1. Once every Cα of chain B carries one equal point scatterer and solvent is ignored, give the base-10 log of I(q)/I(0) from the Debye formula at q = 0.07, 0.10 Å⁻¹, two decimals.
2. Looking only at other chains, what is the average number of their beta-carbon atoms within 10 angstrom of each beta-carbon in A:47-59?
3. What number comes out for the charge environment of A:V50, summing +1 per Lys or Arg and -1 per Asp or Glu over other residues with Cβ under 12 Å away?
4. Per 0.36 nm of contour for each residue apart, how much would the distance between B:A122 and B:R30 grow if the chain were fully extended, relative to their Cα-Cα spacing?
5. Counting pairs of alpha carbon atoms under 8 Å apart in space and at least six apart in sequence, what relative contact order in percent does the stretch B:5-108 give?
6. From Cα pairs below 8 angstrom and at least 6 apart in sequence, can you work out the relative contact order of the stretch B:69-216, rounded to a whole percent?
7. Label-point separation (nm) for B:W171 and B:D21, each offset 7 Å from Cα along Cα-to-Cβ?
8. Given B:A97, A:V146, B:A136, which one lies farthest toward the positive end of the charge dipole of the protein assembly as shown, if we put +1 on the Cβ of every Lys and Arg and -1 on the Cβ of every Asp and Glu?
Amino acid sequence: MRPGEASAVDAPVSPVGFTESTHPVRDEPDLLATRHAVRSAAVAAGFDLVGQTMIVTAASELVRNAYIHGGGGTLTISAIGAAHGRRGLRLTVADSGPGIQDVEAALTDGFSTGAGLGHGLGGTRRLVDEFAIDTEAGRGTTVTVVRWVT
Amino acid sequence: MATEDDLKVRDLLVRVLREHDAEILDLWVRAQSERAAVTALGERELRSEAAGVIAALREGLETGLPVGDVVERHAPAREAVVRLSVRRARAGVDPTATALATLALKDTLLDVLREHTDEPGALFSAAITVNRLLDAAGALTFASYVEGREEIIRTQHRQMLELSTPVVRLWRGVLAVPLIGTLDSARTQLVMNGLLEAIQADEAPVAIIDITGVPTVDTVVAHHLLQTVTAVRLMGAECFISGIRPAIAQTITQLGIDLSTITTRATLADALAEAVRLLDADFPDMASERVRSAL
């Protein structure tokens, strides 16, 4: 399974060295706090500078989406491991906002319901190796992404 | 529900607070000083503050408000307690020591009451009343302490916003904004205001925004950068972005953000060189003036 090929997010998790932390997303300062948390988790997992920047940027997009469109939520950071000593980070961003009406459209570049550039969700998918989105109108949105250490 | 007993206890308490206020004041200030951590406040300040709280509590008891509500509803008492707490928050006293300040008054009052009351029954009712009165004060102390700290944080946040967005003159006709940290909408507004005003004041043809100190460039940050560049161009100046590191460059392309309409450079030095080249070509007057001043 090469990075980019994988689609399943529930990768095998090794119990050894498994750590997980959950951070609230309620206001602007939380956006900064979550970025810092993801960066330190990425450094600890052994990502190089490019990998760190990409996963932190992905987190920044998802967390901001949850804050602006979902009315706040949580970010869960999990250090994960797989066969052959492969290591990575899994980020789960959940909100209980209005949900996304048309997921395909939301993943298309240039799509925006807000004032942004409209690259957020589609761009985030390109920054990570695995991307899954679970949403339903009125129930909220959960986005789970995984990036492996290359 | 002012029963006769209740009135008697209240009278006793008011009397003790009035007749022995100097003693209570001394004991309370001493108790606070012993608990340390309030050294930043100074003895005189501590005394005048304590005297204010004691007098306000006494007046509050005299109004006949329910004991538990005196601190909340008697405005002078409330103000005195809030002031005590906020002053400690500003002086950097920790929350425990601040809460202990009001608790120390409880001990002090009970000691003084014990000395001046012979009747055990009256003492017991008075103790309950003191507890009710000062538990409310303790709760208010804590709430206003947190509020005081939050006020400090808000002030610092505003100060930091201004500190971190200076517009510097790099060269004749070249302005630069070295950005540190993140670029949210509030910062963008500040940067844009500062930069546009400086461009007008300096009649600068080129501005450089340096993002070496911005760790994360996501779509929102990119959007804000594009907005700023557009605004600068509307004023007839050119705007470069420098400090694009390898990791940032790769992330921006993966995100699908198109910055190709903007002149970007890896370092501030490169951007300055480009700016000077542009000035030499477009503003030979400025260039010759520069040579003259160099000579």
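1. -0.52, -0.66
2. Mean number of neighbouring Cβ atoms from other chains: 5.
3. +1
4. Length difference between fully extended and current span is 30.4 nm.
5. Relative contact order, the stretch B:5-108: 32 percent.
6. RCO, the stretch B:69-216: 22 percent.
7. The answer from the label model is 7.2 nm.
8. A:V146
Every number in this text was worked out from the coordinates using simple rules, so none of it is lab data. Being a predicted model, the structure only gives us computed values, none of them experimental. In this analysis, Cβ positions are derived from the backbone assuming ideal geometry, glycine residues included, and neighbour counts consider all displayed protein chains.
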